[in-house]
Amino acid sequence: MPLLSAQVPKGVSVEFKVMEGLIERKDISIPQMYQWSAGENPNFPLFIYDNRLGGKLEYITYVIANAAMDRAARYVLHSVGRSSATFAASRPVIAILANTDTITYFCTVIGILRSGCTAFPISTRNTAAAVADMLSRTGTTHLLVSPDVVTGDIADDALRSLADLDVHVDRLVMPVFEGLFPKEVDPASPFEADVEFPTHYDMEAAAVIMHSSGSSAHPKPITWTHAGILHRAKGPLHSKNDIKGSIMGWHGLPMFHTMGLSMCWSAPMNGFVIAAFKPASPPTAQTPDAVWEGYAATNVDFSFSAPSLLQQWARDPEKVQVMKRRRGAFFGGAMLDEEVGNLLAAQGVSLFTVYGW
């Protein structure tokens, strides 16, 4: 069930206002959508998570999340050391190679876009050689790296091989949740730097660079413009079903994946609430049991996952009954076993495949 006023704490709204004429508009960027919602839907939750203390749910509203995105944008512009007014001739590409929680990753991506730079999420499953190749091919200028040893070693090896070719990429520390959502603001922090954000976004400029799976060779970079992600975000607006206020289970998706990032564009357009794990460093491992428990704790309407998770849950009759009561299960990134899919559908589970979202 979508959010109900009886379920949320005082100060959290369950009413989401959609911008008038949004379907027809082609001139508004995703960062601007978050700014708009921070003003028009300030108390509507963008994120929800279980804090694991007495089963209490925590809500992060648009006005709070938008401030975190601002901090990420300040951090990026401070680190780049250039005014966004100079980006037309040479737009910085900020790559992310990080094992971090969903909410922090999400807000960092939008912050990069808000700064006027191009975001490039990179799978942490890539080899150092593949990372170096993509950084070189995309003209990446800065690389955000999480503090864990495994990811740090991949980044070190990739940057070292690029340096041997006289290609320089600045390494930056990936923001953590406490930096974007501080309990007390530190005016001297780079997250509070005195910078100017763009007031206009070239809709044909590169917003995000994704990459292919690299199953047959090094992954190939794929560029999406601001106009492109805006078009993708509008898809649910054409639905005959009212899915505004629906809780979307995002516990089982890596944010460097196309499907994982899709909610960055869709949420402010459609009024979705993103359910995720409690922010932590290191992040909660996306095991089948942990993801299932995350869905249950946040009472999701729709689940999003790889087919492998659905196939595992399908073996448990009790889990199948729970899935049947939800509004739907989205899957993508691979094929769902036909026998499993038929079994779930026959028992009343609503299945939705996602391809190229």
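The values are calculated or read from the model by the stated rules, or taken from the named source; none is laboratory data. Note that the structure is a prediction, hence the values are computed from the model and not measured. Because the Cβ atoms are built from the backbone with ideal geometry, glycine has one as well, and the counts that use them run over all protein chains shown.
When the residues of region 64-86 are filtered to those that are β-branched (Val, Ile, Thr) and more than 14 Å from ILE110 (Cα to Cα), the one that is surrounded by the fewest Cβ atoms within 10 Å (Cβ to Cβ) is THR86. Checking each residue of region 323-337 against the condition of being loosely packed, with under 12 Cβ neighbours inside 10 Å and acidic (Asp, Glu) gives no match.
Could you pull out every one of the strands (runs of 3 or more DSSP E) wholly within region 282-357 that has 2 or more residues that are of a type in the set (Val, Ile, Thr), within 23 Å of the chain's Cα centre (by Cα) and modelled with pLDDT under 95? Spell out the reasoning first.
Details: elements: 302-305, 328-332, 351-354.
Once the strands (runs of 3 or more DSSP E) in region 282-357 are filtered for at least 2 residues that are of a type in the set (Val, Ile, Thr), within 23 Å of the chain's Cα centre (by Cα) and modelled with pLDDT under 95, what remains is 351-354.
State whether one or more residues within region 257-271 are modelled with pLDDT of 95 or more, among the hydroxyl-bearing types (Ser, Thr, Tyr) and either part of a helix (DSSP H, G or I) or over 15 Å from the mean Cα position of the chain (by Cα) (or both). Among the residues of region 257-271, not one is modelled with pLDDT of 95 or more, among the hydroxyl-bearing types (Ser, Thr, Tyr) and either part of a helix (DSSP H, G or I) or over 15 Å from the mean Cα position of the chain (by Cα) (or both), which makes the answer no. Screening region 1-117 for strands (runs of 3 or more DSSP E) wholly inside it with 2 or more residues that are over 27 Å from ASP156 (Cβ atoms) returns the ranges 45-50, 57-61. Would you check if ALA119 is farther than 22 Å from GLY249 by Cβ and buried (at least 23 other Cβ atoms within 10 Å of the Cβ)? It is true that ALA119 is farther than 22 Å from GLY249 by Cβ and buried (at least 23 other Cβ atoms within 10 Å of the Cβ). Sub-6 Å Cβ pairs linking a first residue in region 196-212 that is over 16 Å from VAL93 (Cβ atoms) to a second residue that is part of a strand (DSSP E or B), at least 6 apart or interchain, are GLU204/THR225, ordered by first then second residue.
For residues that are hydroxyl-bearing (Ser, Thr, Tyr) and buried (at least 20 other Cβ atoms within 10 Å of the Cβ), scanning just region 1-46, find the one that is farthest from VAL63 (Cα to Cα).
SER29
Condition first: touching an Asp or Glu at 6+ places or on another chain (Cβ under 6 Å) and either at pLDDT below 95 or farther than 17 Å from ASP101 by Cα (or both). Now tell me which residues in region 26-56 satisfy that. Before the answer, list the steps.
Taking region 26-56 as the starting set, the residues that turn out to be touching an Asp or Glu at 6+ places or on another chain (Cβ under 6 Å) are 49, 51.
Answer for region 26-56, where residues must be touching an Asp or Glu at 6+ places or on another chain (Cβ under 6 Å) and either at pLDDT below 95 or farther than 17 Å from ASP101 by Cα (or both): just ASN51.
Residues that are farther than 25 Å from THR223 by Cα and among the polar types (S, T, N, Q) within region 236-290 comprise SER239, ASN241, SER246, SER281, THR284, GLN286, THR287, listed in sequence order.
Within region 132-141, the set of residues being buried (at least 18 other Cβ atoms within 10 Å of the Cβ) and within 14 Å of ILE222 (Cα to Cα) comprises ASP133, MET134, LEU135, THR138, THR140. Looking across region 80-130 at every residue that is polar (S, T, N, Q), in contact (Cβ under 8 Å) with a residue 60 or more places away in the chain and out of contact with any helix residue (DSSP H, G or I) (no Cβ under 6 Å at 6 or more places or on another chain), the one that is nearest to PRO268 (Cα to Cα) is identified as THR102.
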